[in-house]
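Take a look at this one; I'll ask things after.
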Amino acid sequence: MPLFCFNTVADYLEAARQMAATGHPTLARLLAEEAADRTSNPAEAARILNEFPGSSLRQED
């Protein structure tokens, strides 16, 4: 598996898509949630989360 460098929303989305394509939907959803959190556009955040359906898997402090 390649080493990822996460600096932008696009980096998180690319990693999420790769995880989904390789059969890791849980990790894909978590990466998508982070990408959605990092965008300031609510419509774009919703689009990102719709691309990776499922409930939030995050554990809040």
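Can you tell me the relative contact order of the chain? Whole percent, Cα pairs under 8 Å, sequence separation 6 or more. Can you show the working numbers first?
Values: 58 pairs, mean separation 17.4, N = 61.
For the chain, the relative contact order is 28 percent.
What's the carbon and sulfur percent of the chain's accessible surface, probe 1.4 angstrom, rounded to a whole number?
54
Also: State in Å² the accessible area per residue of the chain; use a 1.4 Å probe, count heavy atoms of protein chains only, and round to the nearest integer.
Details: 4220 Å² over 61 residues.
On a per-residue basis, 69 Å².
Could you state the principal axis extents of the C-alpha atoms in the chain, from the largest down, to the nearest angstrom?
In descending order, the Cα extents are 31, 26, 23 Å.
The values are calculated or read from the model by the stated rules, or taken from the named source; none is laboratory data. Here the structure is a predicted model, which is why all the values come from computation and not from measurement. These area figures cover heavy atoms from the full protein model, side chains too; ligands, DNA and RNA do not enter into them. Shrake-Rupley method; radii C 1.70, N 1.55, O 1.52, S 1.80 Å.
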